[in-house]
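Inspection log for the structure reproduced underneath, given as structure tokens.
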Amino acid sequence: MNRSPPLTIALLVLVSVAACAVAAGAGAWYFHHKDPSAPSLRLDEYLSMGWVAWDASWYKRIAEEGYTYTPGQQSSVAFFPLYPLAIQLFMGLGLSVYTAGIAVTLLCGPLAMVLFTRWAGTRVEPSTALQAGMLISLYPFAFYLYGVMYSDALFLLLVVGAFLLLEKGYLVPAVVLGAVATAARPVAPAVVLGLLVRRLEWKRERGLRWDVWDVLPVLSAAGFIAYVLYLGETFGAPFAFVEVQGAPGWDQAPGWRTWLKLAWFKAVFFSGNNAEVVGRFITHALLTFLALGLVWPTARRLGWGYAVFTLAIVGLPALSTKDFMGMGRYLLSAFPLFLTLALLLKERPLLRRGLLAVSAVGLVVLSAAFGMERYIS
């Protein structure tokens, strides 16, 4: 009996979660034992260590101590509140902060992949929806959805859920999920515009007239607005999350140096970095431009709502980053691109299979590298 695409993707993700956990745990073991005197740990400790590098420490601090803000210095206000709140919820069940963070991601990431496949099934036939689900599930940076203590899985689950509800005609629930999503990452314009334009398109496709209710998606900015109001009330700086981006160590203040990516050119051509570092910067830049290049095919195949959403969800972080680092991970949020790619590869099965094979290897390799605390994204 043939399995449905969402069930097939659920099984694929289950295998991927296990493979990525083993790879990340092995990477953590290697990193831990670079010091010969390091004590041995339990297996579960290596597995958890593999998923709590880099920004995980910021989420831990917020969940345990709340927000802090020091003008001109790196501060926790740079990170939006929904994920730390979810961590606190799981901590209330008796979990440690790191276990809670991993648990939130493990719950949200696989479910996001299943919902993505269901969403794709509202736009295309089941076989193409399955191919799209495989492309996003095996995308090399998808390991951030399989256990890493980052907010990407939670945001993706909410935004995919919002668009799935919108496709099924449930406007108010879609707006509610969109509003919750904008409390997870600073990309409210993408969510608002995407839901608004898609709603108008959705009604036009069905021969329905627009009415005042169709502007409800503007309320999906509520999560973002709530955080801005909180920062203004608590620290007197409603846009502190933008200001701290220019702090030493992050050095991504809005301005021409950031917008023109001068740091990227310096890192690639003038800093004498080794091939691994240069390759990392080039990879993130190439992925960014490939994603932007898929915006027009997305408009033609999926409509302007998804094209506008994709352009904004890719363009906002691309503009605000000084060197494209992180873009490989941020592209997970541009989920319509994976369906567009599946449609483009529909008549190229050998190319699609080759891409999936390379992606699967990359997924495991990057998981191990993250466990070794390599700066991946």
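The values are calculated or read from the model by the stated rules, or taken from the named source; none is laboratory data. These numbers come from a predicted model, not from an experiment. All Cβ positions, even for glycine, are placed from backbone atoms using ideal geometry, and neighbour counts span all protein chains on display. Just so you know, the surface numbers come from the protein's heavy atoms only, side chains and all, with ligands and any DNA or RNA stripped out. Shrake-Rupley method; radii C 1.70, N 1.55, O 1.52, S 1.80 Å.
If contacts are Cα pairs under 8 angstrom and at least 6 residues apart, what is the relative contact order of segment 1-104 in percent?
Relative contact order here is 21 percent.
Suppose every K and R has +1 on its Cβ and every D and E has -1 on its Cβ; what is the size of the dipole of the chain about the Cα centre, in Debye to the nearest 20?
1160 debye
Arranged from highest to lowest average of other beta-carbon atoms within 10 Å per residue, in what order do the peptides 260-268, 308-316 appear?
308-316, 260-268
Kindly report the accessible area of the chain per residue (heavy atoms of protein chains, probe 1.4 Å, no ligands, DNA or RNA), in Å².
Spelled out: the 1.4 Å probe surface of the chain, per residue, equals 45 Å².
With a/c under 1.5 counting as rounded, go ahead and sort segment 1-132 into rounded, prolate or oblate using the C-alpha gyration tensor (a ≥ b ≥ c being the square roots of the eigenvalues; past the cut-off, prolate if a/b is larger than b/c, else oblate).
Oblate shape, in that a/c is at least 1.5 and b/c is the bigger or equal ratio.
For the chain, what mean projected area does the convex hull of the alpha carbons give, in nm²?
Spelled out: convex hull of the Cα atoms, projected over all directions, averaged, 21.0 nm².
Rounded if a/c is under 1.5, else prolate if a/b beats b/c, else oblate: with a ≥ b ≥ c from the C-alpha gyration tensor eigenvalues square-rooted, which is segment 221-298?
Oblate shape, in that a/c is at least 1.5 and b/c is the bigger or equal ratio.
Just tell me, in residue order, which DSSP H segments of the chain are both 27 angstrom or longer along the helix axis (alpha-carbon based) and at least 1.0 in mean Kyte-Doolittle hydropathy.
What comes out of the filter, once short or polar helices are dropped, is 5-32, 97-121, 349-371.
Mind checking the full-extension length gain between Val218 and Arg3? Use 0.36 nm per residue of separation minus the Cα-Cα distance, one decimal, nm.
73.6 nm
So how strong a dipole does segment 168-253 carry about its Cα centre when Lys and Arg Cβ are +1 and Asp and Glu Cβ are -1, to the nearest 20 debye?
For segment 168-253, the charge dipole is close to 540 debye.
Output wanted: per-residue J couplings in Hz (rounded whole) for segment 36-47, from phi through Karplus 6.51 cos²θ - 1.76 cosθ + 1.60, θ = phi - 60°, x for Gly and Pro.
Result, rounded to whole Hz: x, 8, 5, x, 6, 10, 6, 4, 5, 5, 5, 4.
Rounded to the nearest 500, what is the chain's calculated 222 nm mean residue ellipticity when only DSSP H runs of at least 4 contribute -39500 (n - 2.57) each, over all residues?
-20500 deg cm²/dmol
Considering only Val148, Leu290, Trp259, whose Cα is most displaced toward the positive end of the charge dipole of the chain, charges sitting on Cβ of Lys, Arg (+1) and Asp, Glu (-1)?
Working it through, the farthest residue towards the positive pole turns out to be Leu290.
Quote the FRET efficiency, to the nearest 0.05, computed for Ala226 versus Arg353 with a Förster distance R0 of 56 Å and r equal to the Cβ-Cβ distance.
E between Ala226 and Arg353, to the nearest 0.05, is 0.80.
Ranked from highest to lowest mean number of other Cβ atoms within 10 Å per residue, what is the order of the peptides 155-164, 10-19?
155-164, 10-19
Assign one of three labels to segment 274-356, namely rounded, prolate or oblate, based on the Cα gyration tensor with a ≥ b ≥ c the square roots of its eigenvalues; rounded applies when a/c is under 1.5, prolate when it is not and a/b is larger than b/c, and oblate otherwise.
Since a/c reaches 1.5 but b/c is at least a/b, the shape of segment 274-356 is classed as oblate.
Counting only residues 5 or more places away or on other chains, whose amide H sits under 5 Å from the amide H of Asp55 once H atoms are built in the peptide plane?
Amide H neighbours of Asp55, under 5 Å, 5+ apart: none.
Which of the peptides 36-44, 120-128, 20-28 is most tightly packed, and how do the rest follow, judged by the mean count of other Cβ atoms within 10 Å per residue?
Listed from highest to lowest mean packing, they are 20-28, 120-128, 36-44.
In whole Å, what is the distance between the alpha-carbon centres of segment 1-55 and segment 162-214?
Taking the Cα centre of segment 162-214 as reference, the centre of segment 1-55 is 35 Å away.
Of Trp51, Trp259, Trp202, Trp29, which has the most accessible area and how do the rest follow, probe 1.4 Å?
Trp29, Trp259, Trp202, Trp51
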